[in-house]
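Participant: The structure follows.
The values are calculated or read from the model by the stated rules, or taken from the named source; none is laboratory data. This is a predicted model, so every value here is computed, not measured. Neighbour counts are summed over all protein chains in view; Cβ atoms, including those assigned to glycine, are modelled from backbone coordinates with ideal geometry.
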Amino acid sequence: MPSLFQRPLFLEPVYKDYIWGGERLVTDFHRRLLPGRYAESWEIADHPDGCTRLVGGGGDGQSLSEVLAGHAEELLGAGHAGQTRFPLMVKVIDAKETLSVQVHPDDTTAPLVGGEAKTEMWIVLAATPDAHIYSGFHPGVTEADFREALARKTIPSLLQRYPARPGMVFYTPGGRVHAIGAGCLLLEVQQDANTTYRLYDWDRLGADGKPRPLHIDKAMQVIHWDDTASPVAPIQPELPLVPGAVCRQLLDSPYFHVEEWRLDGEAELSLAGDSFHILFPTDGPIRLKVPGEPAYILSRARTCLLPAACRKFSLRPAAAGAGAAETESRRVLVVREGR
């Protein structure tokens, strides 16, 4: 029987009920959750503010931190011996309302403000017709312009706004001011961090009936005022991966590499073992098989972590339910560590 690190790992998400969240994790993804507000689902997380735990198998109930301890190379890949934190966090975000205008530090500014560096990307899973995101100031905006707009409560007028459509990919490096707009359902891939500095919160009240705090002083130290580039990742062509699958690169950064695989049949994969792989089917279930293990059916929008030591596996489209015919094609988002 394969070891814990030679088979798929499934983790129990950590849910957050921030005031801007909605119900689409229940209504769209059919997750068995109590009625309530679910703003974020931390699918893969190893952070003091939320650490996912294994479900099923020999490691049932262990936190990702516990799984990683003493087994960094088996989980993360060659060259990671002694690493004690999983490097990435993967979330599903349901923005029923617009999030605060905010910024995160990058690797350079995080030590200056006592925070964690956070570069992130979003893949739009679903969106209302008017959904959008804000990313970066308009060219030429200065700190003086910002402070005047803050006093006048006109911050949104300084921000670049982009429509959000299903399938679009947005890149948000640390230091870029941004906000996710209402109506966006996103998969977020980010550095393992939870440092956020709010600049503007649309004058709304928190759960305690008071305005949520802003973090203007620290934000001013980490903003890159000249970062006005478009956050929209260009569409790349599909390229052959292995027989039965093609691959389209969505985004490559020093922290994470994200692809979309389209499965048109049985795809036999043999990987280098230099990184874990995170799988997230977007349009229906897939069948996942590793040598020596029974097949797993990975349902739509369920996250699976393949350790680096799990180098050989196969994927193929699966039927959407009992009695349903097998489809000819499925798409799955694939995340690994950047290089």
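Participant: For residue 25, indicate whether it is in a helix (DSSP H, G or I), within 27 Å of residue 166 (Cα to Cα) and not assigned by TED's automatic domain parsing to the domain that holds residue 311. Step through it out loud before you land on a result.
Facilitator: Numbers: in a helix (DSSP H, G or I): yes; within 27 Å of residue 166 (Cα to Cα): yes; not assigned by TED's automatic domain parsing to the domain that holds residue 311: yes.
Taking the combined requirement at face value, the residue satisfies it.
Let's see how each residue does on (1) at pLDDT below 95; (2) crowded, with 21+ Cβ neighbours inside 10 Å; (3) among the polar types (S, T, N, Q):
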position: 164; (1), (2), (3): no, yes, no
position: 172; (1), (2), (3): no, yes, yes
position: 178; (1), (2), (3): no, yes, no
position: 181; (1), (2), (3): no, no, no
position: 186; (1), (2), (3): no, yes, no
position: 205; (1), (2), (3): yes, no, no
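Participant: Continuing with this model, one more query. Specify the residue that is farthest from residue 211 (Cα to Cα); the eligible residues are those in the stretch 58-103 that are without any contact (Cβ under 8 Å) to a residue 40 or more places away in the chain and polar (S, T, N, Q).
Facilitator: 83
Participant: In addition: Identify the single condition in (1) in the same structural domain as residue 86 (by TED's automatic domain parsing); (2) out of contact with any strand residue (DSSP E or B) (no Cβ under 9 Å at 6 or more places or on another chain) that residue 212 does not satisfy, given that it satisfies every other one.
Facilitator: Unmet for residue 212, out of (1) in the same structural domain as residue 86 (by TED's automatic domain parsing); (2) out of contact with any strand residue (DSSP E or B) (no Cβ under 9 Å at 6 or more places or on another chain): (2).
Participant: So which residues in the stretch 120-162 are closer than 20 Å to residue 200 by Cα, among the β-branched types (Val, Ile, Thr) and surrounded by 14 or more Cβ atoms within 10 Å (Cβ to Cβ), if there are any at all?
Facilitator: Listed by number, the residues that qualify are 133, 141, 155.
Participant: Follow-up. Looking only at the stretch 46-58, which residues are closer than 10 Å to residue 11 by Cα and out of contact with any Phe, Trp or Tyr (no Cβ under 8 Å at 6 or more places or on another chain)?
Facilitator: Of everything in the stretch 46-58, those that are closer than 10 Å to residue 11 by Cα and out of contact with any Phe, Trp or Tyr (no Cβ under 8 Å at 6 or more places or on another chain) turn out to be 51, 53.
Participant: Another question, then. If we keep just the residues of the stretch 130-143 that are outside any strand (DSSP E or B) and of a type in the set (Gly, Ala, Ser), which is nearest to residue 104 (Cα to Cα)?
Facilitator: Looking at residues that are outside any strand (DSSP E or B) and of a type in the set (Gly, Ala, Ser), I get 140.
Participant: Test of understanding: among 90, 55, which residue is within 16 Å of the chain's Cα centre (by Cα) and at pLDDT 90 or above?
Facilitator: The unique qualifying residue is 90.
Participant: How many residues are of a type in the set (A, V, I, L, M, F, W, C), outside any loop (DSSP other than H, G, I, E, B) and within 15 Å of residue 118 (Cβ to Cβ) if we restrict to the stretch 144-178? Outline the logic, then answer.
Facilitator: Step one: list which residues in the stretch 144-178 are of a type in the set (A, V, I, L, M, F, W, C), which gives 144, 146, 149-151, 155, 158-159, 164, 168-170, 177.
Now drop any that are not outside any loop (DSSP other than H, G, I, E, B), which leaves 144, 146, 149-151, 155, 158-159, 169-170.
Checking the rest, the ones that are also within 15 Å of residue 118 (Cβ to Cβ) come to 170.
Number of matching residues: 1.
Participant: If I ask for residues that are over 16 Å from residue 278 (Cβ atoms), of a type in the set (A, V, I, L, M, F, W, C) and under 15 Å from the mean Cα position of the chain (by Cα), which ones from the stretch 10-47 would you list?
Facilitator: Initially, the stretch 10-47 is screened for residues over 16 Å from residue 278 (Cβ atoms), giving 15-40.
From what is left, the residues that are of a type in the set (A, V, I, L, M, F, W, C) are 19-20, 25-26, 29, 33-34, 39.
Once the filter is applied, which keeps residues that are over 16 Å from residue 278 (Cβ atoms), of a type in the set (A, V, I, L, M, F, W, C) and under 15 Å from the mean Cα position of the chain (by Cα), the stretch 10-47 yields 25, 39.
Participant: Return only the number of the condition from (1) within 17 Å of residue 99 (Cα to Cα); (2) without any contact (Cβ under 8 Å) to a residue 40 or more places away in the chain that residue 186 does not satisfy.
Facilitator: (2)
Participant: Counting only residues that are in a strand (DSSP E or B) and more than 17 Å from residue 243 (Cβ to Cβ), how many does the stretch 262-287 have? Break it down stepwise before answering.
Facilitator: If we filter the stretch 262-287 for residues that are in a strand (DSSP E or B), which is where we start, we get 262-263, 267-270, 277-281, 286-287.
Restricting the remaining residues to those that are more than 17 Å from residue 243 (Cβ to Cβ) gives 277-281.
Number of matching residues: 5.
Participant: When you scan the stretch 206-219, do you find a residue that is outside any loop (DSSP other than H, G, I, E, B), under 18 Å from residue 40 (Cα atoms) and touching a residue at least 40 places away in the same chain (Cβ under 8 Å), even just one?
Facilitator: Scanning the stretch 206-219 turns up no residue that is outside any loop (DSSP other than H, G, I, E, B), under 18 Å from residue 40 (Cα atoms) and touching a residue at least 40 places away in the same chain (Cβ under 8 Å).
Participant: Okay, moving on. Is there a residue in the stretch 208-217 that is farther than 24 Å from residue 146 by Cα and modelled with pLDDT under 95?
Facilitator: Yes: one or more hits.
Participant: Quick check on this structure: which one of 46, 17 is surrounded by fewer than 16 Cβ atoms within 10 Å (Cβ to Cβ) and farther than 18 Å from residue 299 by Cα?
Facilitator: 17
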